[in-house]
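K.L.:
Handing you a structure now.
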Amino acid sequence: MATSASSQLSKVVKRQYMELPQGDKVQAMYIWIDGTGEGLRCKTRTLDSEPKSIEDLPEWNFDGSSTYQSEGSNSDMYLIPAAMFRDPFRKDPNKLVLCQVLKYNRKPAETNHRQTCRKIMDMVEHQIPWFGMEQEYTILGTDGHPFGWPSNGFPGPQGPYYCGVGADKAYGRDIVEAHYRACLYAGVEICGTNAEVMPAQWEFQIGPCEGINMGDHLWVARFILHRVCEDFGVVASFDPKPIPGNWNGAGCHTNFSTKEMRENGGLKCIEESIEKLGKRHNYHIRAYDPKGGLDNARRLTGHHETSNIHEFSAGVANRGASIRIPRSVGQEKKGYFEDRRPSANCDPYAVTEALIRTCLLDEEGEEPVDY
């Protein structure tokens, strides 16, 4: 099994340094999304005291020419703190700081979808939009081979692995448990986890989160997963179809509701939203992965519990549909619906913004409206 060289370093030796007192100083790790729209970057600075709110955190900058975000002749980019969490790796009082990226002219970088998402969420905050996102991922060795798979071949076919238990069914549970506890410590709204259909594939769920918080919490949960995997010497992949052939892909199913949908008779509002989504399928497919639908085309084939990327469908308890209404929602006539189209590597800001634009702001057509 190919693991990274750094994972072989003694964690016991490291621990004696991590236990040293740090005085009144605080380490703040600034995290941002790079120019790929799915990669994360980070760097740390020392603060003189523990920040109590976002306002206590200074702006910072970085070299955008090394993150696919600018050219070398004009490479400084601004980091604007947006959300703060406890640091599960360095522990209190240290912080993880999720940042927005602005260009030299103070305009949002191309992959900074948080700015417009925040604006759209503010327009509908009276409707109290809730989201829950189910993040699937695959654990790989550093050679790109799925963790625990035979080096020359494949494990047994899918069937026993989903929510499985046992060394021959659950591959890499240590990583899942470490990630779960680290998220809870950090203050991330993680609400569950399970082994997925393909061996070495897992899922964690974030939510319910209101408005912009959905994107903030999912991005930080992803960052924490990458860091946990780094300690174990393996890689977390959010590729929507990491292994071609008769294996399930990886999505990020998105559950959505408003105050009206959650109240008695809310099913009518859910059905109206689904009707609007059906008329705007192509717009959503473009928003649901960082490559405008190309990544998802490998996953949304109509097989392996997915809908076909070229067709819109909806149904109660149907895992082969674009939109699934849970059976309990159909019975109680209120609740939420699940959009099964977003890919594992989607930007949650882009996904949640698209849902609000179509379902609540009644936008139509192929392009978002500029407010």
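The values are calculated or read from the model by the stated rules, or taken from the named source; none is laboratory data. If you're wondering where the values come from, they're calculated on a predicted model, not measured in any experiment. Neighbour counts are summed over all protein chains in view; Cβ atoms, including those assigned to glycine, are modelled from backbone coordinates with ideal geometry. Side chains included, ligands, DNA and RNA excluded: accessible areas come from the protein's heavy atoms. Shrake-Rupley method; radii C 1.70, N 1.55, O 1.52, S 1.80 Å.
K.L.:
Regarding Tyr283, is this residue crowded, with 18+ Cβ neighbours inside 10 Å, touching a helix residue (DSSP H, G or I) at 6+ places or on another chain (Cβ under 6 Å) and within 30 Å of Ile33 (Cα to Cα)?
P.N.:
In short, no.
K.L.:
Out of the residues in the stretch 229-250 meeting the condition of being β-branched (Val, Ile, Thr) and assigned to a loop (DSSP other than H, G, I, E, B), tell me which one is nearest to Asp174 (Cα to Cα).
P.N.:
Restricting to residues being β-branched (Val, Ile, Thr) and assigned to a loop (DSSP other than H, G, I, E, B), the top hit is Val234.
K.L.:
Inspect the stretch 275-293 for any residue being among the polar types (S, T, N, Q), modelled with pLDDT of 95 or more and more than 19 Å from the chain's Cα centre (by Cα) and give the result as yes or no.
P.N.:
Yes, the conditions are met somewhere in the stretch 275-293.
K.L.:
Is there any pair linking a residue in the stretch 116-134 that is at pLDDT 95 or above to one that is open to solvent by 70 Å² or more (accessible area, probe 1.4 Å), with Cβ under 6 Å and at least six apart or on different chains, and which?
P.N.:
Gln127/Lys259; Ile128/Lys259; Trp130/Pro208; Trp130/Glu210; Gly132/Pro208
K.L.:
Within the stretch 20-59, restricting attention to residues that are of a type in the set (D, E, K, R) and without any contact (Cβ under 8 Å) to a residue 12 or more places away in the chain, which residue is surrounded by the fewest Cβ atoms within 10 Å (Cβ to Cβ)?
P.N.:
Step by step, filter the stretch 20-59, then rank; the result is Glu55.
K.L.:
Still on this structure, I have one more. Where residues in the stretch 231-268 are charged (D, E, K, R) and either out of contact with any Ser or Thr (no Cβ under 8 Å at 6 or more places or on another chain) or farther than 19 Å from Gln201 by Cβ (or both), which of them is least open to solvent (accessible area, probe 1.4 Å)?
P.N.:
Lys241
K.L.:
Has the stretch 174-193 got at least one residue that is of a type in the set (D, E, K, R) and over 30 Å from Asp92 (Cβ atoms)?
P.N.:
no
K.L.:
Could you tell me how many of the residues in the stretch 294-305 are open to solvent by less than 60 Å² (accessible area, probe 1.4 Å) and out of contact with any Lys or Arg (no Cβ under 6 Å at 6 or more places or on another chain)?
P.N.:
Adding up the residues that qualify gives 7.
K.L.:
Kindly list the number of the only condition in (1) over 26 Å from Lys52 (Cα atoms); (2) part of a loop (DSSP other than H, G, I, E, B); (3) open to solvent by 20 Å² or more (accessible area, probe 1.4 Å); (4) touching a Lys or Arg at 6+ places or on another chain (Cβ under 9 Å) that fails for Thr142.
P.N.:
(4)
K.L.:
When the residues of the stretch 60-89 are narrowed to those that are part of a loop (DSSP other than H, G, I, E, B) and open to solvent by less than 20 Å² (accessible area, probe 1.4 Å), which ends up farthest from Leu40 (Cα to Cα)?
P.N.:
Once the filter is applied, the top-ranked residue is Asp87.
K.L.:
Name the single residue, out of those in the stretch 325-346 being closer than 18 Å to Gly132 by Cα, in contact (Cβ under 8 Å) with a residue 60 or more places away in the chain and open to solvent by 10 Å² or more (accessible area, probe 1.4 Å), that is nearest to the chain's Cα centre (by Cα).
P.N.:
Arg340
K.L.:
Here is a follow-up. Given the options Asp92, Asp122, name the one that is open to solvent by less than 80 Å² (accessible area, probe 1.4 Å), assigned to a helix (DSSP H, G or I) and more than 13 Å from Gly215 (Cα to Cα).
P.N.:
After applying the criteria, what remains is Asp122.
K.L.:
Would you confirm, using the coordinates I've provided, whether Asp216 is crowded, with 21+ Cβ neighbours inside 10 Å and assigned to a helix (DSSP H, G or I)?
P.N.:
In short, yes.
K.L.:
Please enumerate the residues belonging to the stretch 156-213 that are open to solvent by 40 Å² or more (accessible area, probe 1.4 Å), more than 28 Å from Gln127 (Cα to Cα) and in a loop (DSSP other than H, G, I, E, B).
P.N.:
Pro157, Gln158, Gly159, Pro160, Tyr162, Cys163, Val165, Ala167, Asp168, Lys169
K.L.:
Hey, among the residues in the stretch 101-115 that are in a strand (DSSP E or B) and open to solvent by less than 20 Å² (accessible area, probe 1.4 Å), which one's farthest from Ile33 (Cα to Cα)?
P.N.:
Leu102
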